[in-house]
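Since the structure comes first, as structure tokens, the remarks are kept for the end.
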Amino acid sequence: MPESAELSPDPPYLQGLNSPQREAVLTTEGPVLVLAGAGTGKTAALTARLAHLIASRKAWPSQILAVTFTNKAAREMRARVGALSGGALEGMPWLGTFHSVAARMLRSHAELVGLQSNFTILDTDDQLRVLKQLIQAANLDEKRWPARQLAGLIDRWKNRGWTPGQVDAGESEAFAAGRGAELYAQYQERLKTLNACDFGDLLLYMLVIFRGYPDVLEAYRNRFLYILVDEYQDTNQAQYEWLKLLAEPRRNLCCVGDDDQSIYSWRGAEVANILRFEKDFPGAKIIRLEQNYRSTNHILAAADGLIAHNAGRLGKTLWTDAGDGEKVRVIGIWDGPEEAHRVGEESESHMRSGGSLDDIAILVRAQFQTRELEERFIAIGLPYQIIGGFRFYERAEIRDSIAYLRLIAQPADDLAFERIVNQPKRGLGDKAVAAIHRHARATQQPLLLAAATLLGSDELTAQARRSLGNFVADIARWRQMSTGLPHPELARIMLDESGYTAMLQADRSAESAGRLENLAELTRAMEEYESLQAFLEHVSLVMDNDEARQGERVTIMTIHAAKGLEFDIVYLAGWEEGVFPSQRSLDEGGLASLEEERRLAYVAITRARRRATITHAANRRIYGQWTSSIPSRFLAELPKAHIEEETTMTGGESLWRAQWSERSDPFAHVARPSRGPGWQRATRTAYNPEPQRVIEARASAVSLGNQGRTDLSLGQRVFHGKFGYGTIAAIEGNKLEIDFEHAGRKKVLDSFVSAG
């Protein structure tokens, strides 16, 4: 190891760094946690630290382990440090993603886990193919126990660092009545036979090796004098254990992250890893990067005020020299179309005043929210782009559904037939499809008619004839129904009867729920057109619109996809209960999910440099029904001094502040009133639920538990904060059935109503 070289008082890599950043660079020994808030220059600090370790000759490049979460981040870090170090990173082989570094290690020790060094890393399709074979061999119904569900479970177990033998009975019960661990073990053995592993195995096998072969672990501990980790808040359990093993006993571990931006629990990330850093590494130094170089003061203060409501955080306060700037606007509007109209109008105004459309981003919680925005932008000719996903009508599930509708409307549409004849899978292989094509060419018939005539021949197997016959009969039946049934209802029936909805429901991946929401939004969109033909013509025009993706464009994306990005002007659409925070997330994860949703809101606000606008609608179309919406609880948590309210509805700002005020509502932590249909848009009934009365009623009832309130009786008139006035029709403990004047009969808890 070379002697430490004397540095100049201010080497190039320290120039321009503030005091906490310099401290993060120069504190090289022992465990260090750099809490880097949004926009505080954490990449600059991390790359300068790497450059300092090399320039000060504390370590050769090959003695530093630096791990990131994306290849892009690794390339950027390598380029930056190379520039600062004069190209010294030529010999730094251990800078990369967790998976790439683990794969490099595993190829050197593959034989210790039953593999050869030239093992193959399977992609998702190959992984599913192996699992399907195992499920079939186990005589399980693949429709009931889909391979994708098992793949998700195995991935979760590997993220936790569990081998098949470590999966307990409770976890194993999640698949095929307790056979999950058994199938996991068979899957691992099958991969070894193939000399293959999946991405989860890269870290898992290295954990197995480190635990079982202390000499291998010791060799890597001696090799790595310093370890650096980017985005530490996104680590899963396996990554955490891998790092902890490598960091001992030298403990020269520097982790950079932000607990307030941990938003990927659905990918296995555990925010607890960063929260317990000081406990895991006693004597660790915590350095907070709090000077923000991105946003104005009002934006930062609004975000800080919101995230302060989370209990599980290490705490920091962002500040800036950029001045106060504009307050965060919170705009209450009537419905989703008006929201899209407002955003489109302001975007056009920005462009007319000489601004660039590239300055503007619209961030949504769920993908289905983009459709109304896209439709509006197309109508007014405003260029836009979807980042981190497809434009609404380009998504696979939407194109599949439209192909069904095209074939129903026009049986000669061969392109539509080709797309959906085996989607969902019907057991029609390449040979069967080829036979249909040959017959169609020979008889000069459309594919659908050719398929129908083939049903009486021996060119297809019995299984293929049966599956194809069902498909042809379904198209004929739906075509007949289309003459007397509203086309949105026809689409809903078609999606159910074709098995497409069931296919997505069986898919347990993180994306499946969003794809189902997109289908619901598609059928809702169809209601705006007088016929199926009119809707299909509209889709054709949309798909043909703006094919040249050049020039300035408004960016539309989900909040998850926006992490790490920044824009001058940000619109945050759909801040209503059930949409954001997501009701599905709250149902699945309770208070922990609520805190992650709040972190997601914090990430959303801190994407804005100069102007942030939050919109919430009083009414929104959910699954085809107009639903009255309660403003998000997050709005009441924004500090009043840093926001500016605007509303076109009765009640205004005091409405939602009272509704979610300072935890006087004992149910506000997680639960919300049940969602149900609200007033029709045409009636434009004033939305004024007198929330304080409801809050008082809930507070007085909270001590009664499930016994029910004594001040309510059958036939009594009551008031509900969402559904309005109604009459009690039935009482069972603390559960009520109420006939509401506008919303029909609903089941609600008595703590959500007050006497009318």
By average C-beta atoms within 10 angstrom, highest first, the peptides 345-355, 187-197, 263-273 = 263-273, 187-197, 345-355
Treating every alpha carbon of region 304-345 as one equal point scatterer without solvent, the Debye formula yields log10 I(q)/I(0) values at q = 0.14, 0.21 Å⁻¹ of -0.63, -0.83
Taking only C-alpha positions in region 383-471, Rg and Dmax in angstrom work out to 15.2, 53
Taking a label point 7 Å from the Cα of T453 along the Cα→Cβ vector, which residues of region 404-427 have an amide N closer than 19 Å to it?
-> 411-415, 417-418
A correct Kirkwood calculation over the Cα atoms of region 74-226 returns a hydrodynamic radius in Å of 17.2 Å
Expressed as a whole-number percentage, the relative contact order of the chain with C-alpha contacts under 8 angstrom and at least six residues apart is 13 percent
Under the classification rounded if a/c is under 1.5, otherwise prolate if a/b is larger than b/c and oblate if not, where does region 140-233 fall, given a ≥ b ≥ c as square roots of the Cα gyration tensor eigenvalues?
-> prolate
Give the shape of region 412-570 as rounded, prolate or oblate, defined through the alpha-carbon gyration tensor: a ≥ b ≥ c are the square roots of its eigenvalues, a/c under 1.5 means rounded, and otherwise the shape is prolate if a/b is larger than b/c and oblate if not.
-> prolate
So what's region 34-127 giving for Cα Rg divided by 2.2 N^0.38 Å, two decimals?
-> 1.29
Work out how much length E552 to R352 would gain on full extension: take 0.36 nm times their residue separation and subtract the Cα-Cα distance, in nm to one decimal.
-> 70.7 nm
Any idea what the dipole of the chain comes to, in debye rounded to 20, about its Cα centre with Lys/Arg Cβ at +1 and Asp/Glu Cβ at -1?
-> 1020 debye
Given 600-610, 220-230, the highest-first ranking by average Cβ count within 10 Å works out to 600-610, 220-230
Bin width 5 Å, alpha-carbon pairs only: give the P(r) of region 270-396 as whole percents, running from 0 to the bin holding the largest distance.
-> 2, 8, 13, 14, 15, 14, 13, 10, 6, 4, 2, 0
Quickly work out the Q136-to-E189 label distance, labels modelled 7 Å from Cα along the C-beta direction, and quote it in nm with one decimal.
-> 2.0 nm
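The numbers here are math on the coordinates, done by the rules we state, and not lab data. Because the structure is predicted, anything quoted here is derived from the model rather than measured. Counting neighbours? That spans all protein chains shown, and the Cβs are built from the backbone with ideal geometry, glycine included.
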